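Notes follow the structure.
The values are calculated or read from the model by the stated rules, or taken from the named source; none is laboratory data. This is a predicted model, so every value here is computed, not measured. So basically every Cβ, Gly included, is an ideal-geometry build from the backbone, and we count neighbours across all protein chains shown.
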Amino acid sequence: MSTTVSTELPQRRELRTPLPGPRSQELAQRRTAAVAAGVSSTMPVFVARAGGGVIEDVDGNLLIDLGSGIAVTTVGNSDPRVVAGVQQQVADFTHTCFMISPYEGYVAVAEKLSELTPGDHAKKSALFNSGAEAVENAIKIARHATGRTAVVAADHAYHGRTNLTMALTAKAMPYKKGFGPFASDIYRVPASYPLRDPAGMTGAEAAARSIAIAEKTVGADQIAAFIIEPLQGEGGFIVPAPGYLAAMATWCRDNGIVFIADEVQSGFARTGTWFMSEQEGIVPDLVTTAKGIAGGLPLAAVTGRAELMDAVHAGGLGGTYGGNPVACAAALGAIETMAADGLLAKAQHIEEVASARLREIQSAHPQIGDIRGRGAMLAIEIVQPGGIEPDAALTGAVAKFCHERGVVVLTCGTFGNVIRLLPPLVIGDDLLLEGLGVLAEAFDELA
């Protein structure tokens, strides 16, 4: 399956220098002197250009991009429709603040969100800047609408780096360590993790476990919201067992609890549908989005049932930059590209191609304990052979091997033992397979 990529950047892997090259090393020295040490980077190369499935560094090296800036450049870098919309908007005006003097772009994005998110009920949206900000505002809305305060999150969850979203996030290092105390009235339940759940546990049984803990430790009548990533991201690209999310959604509906689907990473064509929730047959009350929504510009949203979104008093939602007009123009361009260029189908095609290759690699390497994901949101979990004991050391070594050979892969997982693949949906099959070939070489050499 081919995808037209409008870019002058050659779509190939080419290493002209060892990584990092001399120019990247110079910039790294400047970075060390000027940038806080707490801001880390996965790869030691500095980017000059990017497009299609390739990143070019400042030394002229061409790298295969299997990360998309953590699922942000879903339509590829510098997508023509995104670029055109941004250029026109920058020429017209860059900011007025929607809370002061509104503009059409914000309204148009909200209309698109109402159209694309699951469910045919009346919906409204509020726009923000980041996924964490969207999640935080979704919790605000749920608490205000229900008059309750307790929030239940899932084990292995990742929802952001603000104080409230750190409380929702399960993983301590590097996201929470040393940053407490955190926001209160947050509770956690085990979700569905098929590889690590008791053998044979169904989605319904996993949901019953979650519900029992929530009801026993909190009380359903005290819970404002249950929040979960329909396909968990940083926690390890965990796909719940079939029926888990549907059972949780039913329990929420029966008990007046707001079901929040955090689709920040899984939304906007990434999993082969507009939203992962569709594949699980659920209609969330609120959906949070960011990352792939705007082709690389900062934009996020909460979209949900109109009666919930309207429960908050005027002035209770907003922010100086929320729904910035340039970011809205980018979002409209990105959404148009996803629809016009068939990127939902392309995500499904990527899953077929990549999964087949990954299973070939797995057949030769028992260290690959699981292959999972949907669309172009795929992962392999690396374990000690013969069991499910996490092998974070091998995971790090495999990622480093790929990086040194010009393939951008990312790691994740509560135990640090998952390689995640998030290629831009415009990547060609040849580049995708070449990148996975390097991954295979890593296992051949290291496992």
| request: Determine the pairs where a residue that is farther than 12 Å from Gly203 by Cβ, located within segment 231-258, has a partner that is surrounded by fewer than 20 Cβ atoms within 10 Å (Cβ to Cβ) with Cβ atoms under 6 Å apart, the partner being 6 or more residues away or on another chain. | output: Asn255/Ala220
| message | Out of the strands (runs of 3 or more DSSP E) lying entirely within segment 227-340, which hold 1 or more residues that are over 21 Å from Ala157 (Cβ atoms) and not assigned by TED's automatic domain parsing to the domain that holds Ile419? | response | 300-305
| message | Criterion first (in contact with a Phe, Trp or Tyr (Cβ under 7 Å, 6 or more places away or on another chain) and outside any loop (DSSP other than H, G, I, E, B)) does Ile211 satisfy it? | response | yes
| note | Exactly one of Arg12, Arg23 is of a type in the set (Lys, Arg), over 16 Å from Glu404 (Cβ atoms) and buried (at least 16 other Cβ atoms within 10 Å of the Cβ), and that one is Arg23
| request: May I ask you to say which residue of Val258, Val239, Val287, Val302 is touching a strand residue (DSSP E or B) at 6+ places or on another chain (Cβ under 6 Å), more than 24 Å from Thr149 (Cα to Cα) and at pLDDT 95 or above? | output: Val239
| note | Residues of segment 305-317 being touching a strand residue (DSSP E or B) at 6+ places or on another chain (Cβ under 8 Å) and either of a type in the set (D, E, K, R) or buried (at least 24 other Cβ atoms within 10 Å of the Cβ) (or both), in sequence order, are Arg305, Asp310
| remark: Screening Ile388, Ile419, Ile380 for residues that are touching a residue at least 12 places away in the same chain (Cβ under 8 Å), of a type in the set (A, V, I, L, M) and under 14 Å from Thr42 (Cβ atoms) leaves only Ile419
| Tell me, which residue of segment 40-69 that is surrounded by fewer than 22 Cβ atoms within 10 Å (Cβ to Cβ) and within 20 Å of the chain's Cα centre (by Cα) is nearest to Lys346 (Cα to Cα)? | Gly69
| query | Does segment 70-79 include one or more residues that are part of a helix (DSSP H, G or I), outside the structural domain of Met309 (by TED's automatic domain parsing) and either of a type in the set (Gly, Ala, Ser) or surrounded by 13 or more Cβ atoms within 10 Å (Cβ to Cβ) (or both)? | reply | yes
| said: Between Thr273, Thr320, which is surrounded by fewer than 24 Cβ atoms within 10 Å (Cβ to Cβ), more than 29 Å from Gly51 (Cβ to Cβ) and not basic (Lys, Arg)? | reply: Thr320
| note | Expected output for segment 36-59 (first residue in the same structural domain as Leu425 (by TED's automatic domain parsing) and on the phi > 0 side of the Ramachandran plot, partner surrounded by fewer than 18 Cβ atoms within 10 Å (Cβ to Cβ) and of a type outside the set (D, E, K, R), Cβ below 7 Å, 6+ apart or cross-chain) is Gly52/Gln11
